[in-house]
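These notes are about the structure you will find just below.
The values are calculated or read from the model by the stated rules, or taken from the named source; none is laboratory data. Note that this is a predicted model, so its numbers are computed, not measured. Cβ sites come from the backbone with ideal geometry, for glycine too, and all protein chains shown count toward neighbours.
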Amino acid sequence: MNELEHVHMGNGHGLPEIVKIEKIVDENRNAKTFFLDKRIGFKPGQFLMVWIPGLGEKPFSISYAGAMTGITVYLKGKFTRRLFEMNTGDRIGIRGPYGNGFTLKGNACVVGGGAGIAPLAPLIENLDDPYVILGAKNADELLFDKRFPDAMITTDDGSKGFSGFTTELLKNILKERAFDVVYTCGPEIMMKKVFEICENAGIKCQASLERYMKCGIGVCGHCEIDGFRVCKDGPVFSSEQLRIMESFGKTAKLKNGEKVSIEDYTRHRYE
Ligand SMILES: Cc1cc2nc3c(=O)[nH]c(=O)nc-3n(C[C@H](O)[C@H](O)[C@H](O)COP(=O)(O)OP(=O)(O)OC[C@H]3O[C@@H](n4cnc5c(N)ncnc54)[C@H](O)[C@@H]3O)c2cc1C
Ligand code: FES
């Protein structure tokens, strides 16, 4: 059991627990971290269902452990806009932590893209000297580059670090170094490429997937992907599981159940 798992959390009734926003930190021009007045025991990779009255519940990964648990939120649509309008002292509801989380192994490489770095951050802090690749479209959109000063940075436009995708850097590094496991979270197209690179190199991969969630606890079935429930069986999936997921990197279901390409799913806004 790691340090994070000692503290049990939740009201035990499956109802949102009301917590106070203790601190808000601007991480980059699109992302803020909301620190809650509660220590939560969790495994890196697990998420909370956040409740805002009138707007329902949405899943967010735990990005900071400690006396004040943190979630790092990217501004997207209605729900995240409402969160961005909140101030310290405001209250939200939370359920969780839910999901399986990452399985910790030695000699690891971590590949994060965009908002995907959020669930990877507590993992990086619990691994022994991992090789970390953090990628974003440009320098302004990088997340946690100051929190992890030893990380290799990639930007699509070359405004900071390696110019190109995280996957190109991963391929280069694998020519020189061997790893037991590669952990990844980010745009699904990126994770699919990371997985394929790992398959070719004979390295185990753990990828944290996103699907539209309603209940967050394995009941409604909405987050299903090829027989797996992302909220309960995932969000972290192993190479063995990714190998048999035909929809991985290809399709996902919108809120109304319609199956669309992963590109259209990522672009979709519910307003
Ligand atoms: C396991 C998991 C962990 C996540 N962790 C984070 C995180 O740490 N930081 C972060 O910024 N975002 C995270 N997300 C995504 C986050 O839930 C959405 O960005 C948020 O719900 C957007 O809501 P909105 O109303 O602002 O935008 P909308 O316009 O409603 O949606 C924008 C996009 O967000 C996604 N989304 C919306 N509602 C849901 C939902 N109920 N379940 C899953 N995805 C949804 C869809 O891709 C949608 O296209 C996570 C999602 C999952 C499944
Ligand atoms: S969100 Fe309901 S089963 Fe996963």
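When you go through (1) touching a residue at least 24 places away in the same chain (Cβ under 8 Å); (2) within 12 Å of ligand 1 (Cβ to nearest atom); (3) under 25 Å from N100 (Cα atoms) one by one for K43, which number turns out not to apply?
(2)
Taking region 81-102, which residues are more than 24 Å from A207 (Cα to Cα), touching a strand residue (DSSP E or B) at 6+ places or on another chain (Cβ under 9 Å) and within 12 Å of ligand 1 (Cβ to nearest atom)?
If the condition is that a residue be more than 24 Å from A207 (Cα to Cα), touching a strand residue (DSSP E or B) at 6+ places or on another chain (Cβ under 9 Å) and within 12 Å of ligand 1 (Cβ to nearest atom), then R82, L83, F84 are the ones that fit.
Results for (1) at pLDDT 95 or above; (2) surrounded by fewer than 12 Cβ atoms within 10 Å (Cβ to Cβ); (3) among the aliphatic types (A, V, I, L, M), shown as yes or no for each residue.
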residue: V230; (1), (2), (3): yes, no, yes
residue: S238; (1), (2), (3): yes, no, no
residue: G249; (1), (2), (3): yes, no, no
residue: D264; (1), (2), (3): no, no, no
residue: H268; (1), (2), (3): no, no, no
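Can you give me the ranges of the strands (runs of 3 or more DSSP E) entirely in region 191-253 with at least 3 residues that are among the hydrophobic types (A, V, I, L, M, F, W, C)?
Numbers: elements: 204-208, 236-238, 251-253.
Counting at least 3 such residues, we get no strands (runs of 3 or more DSSP E) at all.
Going through region 68-86 one residue at a time, which ones are out of contact with any Asp or Glu (no Cβ under 6 Å at 6 or more places or on another chain) and over 12 Å from L36 (Cα atoms)?
Residues satisfying the conditions are V73, Y74, L75, K76, F79, T80, R81, R82, L83, F84, E85, M86.
T166 passes all but one of (1) assigned by TED's automatic domain parsing to the domain that holds L15; (2) crowded, with 16+ Cβ neighbours inside 10 Å; (3) polar (S, T, N, Q); (4) more than 16 Å from ligand 1 (Cβ to nearest atom); which number fails?
Going through (1) assigned by TED's automatic domain parsing to the domain that holds L15; (2) crowded, with 16+ Cβ neighbours inside 10 Å; (3) polar (S, T, N, Q); (4) more than 16 Å from ligand 1 (Cβ to nearest atom) one by one, T166 breaks only (1).
Is it the case that region 201-212 has a residue that's within 16 Å of ligand 2 (Cβ to nearest atom) and touching a Lys or Arg at 6+ places or on another chain (Cβ under 8 Å)?
Looking through region 201-212, at least one residue is within 16 Å of ligand 2 (Cβ to nearest atom) and touching a Lys or Arg at 6+ places or on another chain (Cβ under 8 Å).
May I ask you to say which residue of L120, L134 is part of a helix (DSSP H, G or I) and of a type outside the set (F, W, Y)?
After applying the criteria, what remains is L120.
Can you find, within region 177-202, the residue that is nearest to I262 (Cα to Cα) among those that are surrounded by fewer than 17 Cβ atoms within 10 Å (Cβ to Cβ) and not basic (K, R)? It would help to see each step written out before you state the result.
Initially, region 177-202 is screened for residues surrounded by fewer than 17 Cβ atoms within 10 Å (Cβ to Cβ), giving 177-178, 180, 189, 196, 199-202.
Okay, now just the ones that are also not basic (K, R), so 178, 180, 189, 196, 199-202.
On the way: A178: 31, D180: 29, I189: 8, E196: 17, E199: 21, N200: 23, A201: 25, G202: 26 Å.
Among them, the one singled out is I189.
Return yes when M245 is away from ligand 2 (no atom under 16 Å from the Cβ) and either farther than 18 Å from P130 by Cα or at pLDDT 95 or above (or both) and no when it is not.
no
Residue under question is I92, and the condition is that it be assigned to a strand (DSSP E or B), at pLDDT 95 or above and on the phi < 0 side of the Ramachandran plot; does it hold?
yes
Given the options E240, E224, name the one that is of a type outside the set (S, T, N, Q) and more than 16 Å from ligand 2 (Cβ to nearest atom).
Sole residue among the options that is of a type outside the set (S, T, N, Q) and more than 16 Å from ligand 2 (Cβ to nearest atom): E240.
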